[in-house]
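The structure appears right after this line, and notes come after that.
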Amino acid sequence: QVQLVESGGGLVQAGGSLRLSCTAAGHTFSSYALGWFRQAPGKEREFVAVVNLNGEGTVYADSVKGRFTISRDNAKNTVYLQMNSLKPEDTAVYYCAARRRILSRSSSEYTYWGQGTQVTVSS
């Protein structure tokens, strides 16, 4: 069992930056691929980024590539999402998620989810 808790959301102006954190409770954190997803009002949950077990492999959605960076610190049981050059269309609730071992862009393949943190980007 893995419990995930996100933090770091908030209100920021367009062009600004935020760093989201997701801390996991439970054992074998380093056995899980960790992803970030987001869901805007009236829209489906969408993939943002994922990082592999040792942090050396990452995949990004085209919409955030070059602006967002995902990373993890296995010693701290934490995954991060550094978000730069934020746009109003990045406004959403951001969720972190965990699945055993293998990277995936599909939310249906993730076993554990956090409660979400709101990110609002004003124009």
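The values are calculated or read from the model by the stated rules, or taken from the named source; none is laboratory data. Here the structure is a predicted model, which is why all the values come from computation and not from measurement. When we count neighbours, we look across all protein chains shown, and the Cβ atoms used for this are built from the backbone with ideal geometry, even at glycine. Only protein heavy atoms, including side chains, enter the accessible area calculation; ligands, DNA and RNA are left aside. Shrake-Rupley method; radii C 1.70, N 1.55, O 1.52, S 1.80 Å.
Structure values in brief
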read-out: Convex hull projection area averaged over all views, the chain, Cα basis, nm²; value: 6.7 nm²
read-out: Label-point separation in nm, residue 89 to residue 102, each point 7 Å along Cα→Cβ; value: 3.1 nm
read-out: Packing-based order for 13-24, 88-99, using average beta carbon neighbours within 10 Å, highest first; value: 88-99, 13-24
read-out: Label-point separation in nm, residue 76 to residue 111, each point 7 Å along Cα→Cβ; value: 2.5 nm
read-out: For residue 104, solvent-accessible area (1.4 Å; no DNA, RNA or ligand), Å²; value: 10 Å²
read-out: The chain, dipole about Cα centre (Lys/Arg Cβ +1, Asp/Glu Cβ -1), debye to the nearest 20; value: 140 debye
read-out: Quarter of the Cα convex hull surface for segment 60-112, i.e. its orientation-mean projected area (nm²); value: 4.5 nm²
read-out: Signed unit charges on C-beta, dipole axis of the chain, positive-most listed residue 26, 82, 16; value: 26
read-out: Portion, in percent, of the accessible area of segment 44-92 that falls on carbon or sulfur, probe 1.4 Å; value: 42 percent
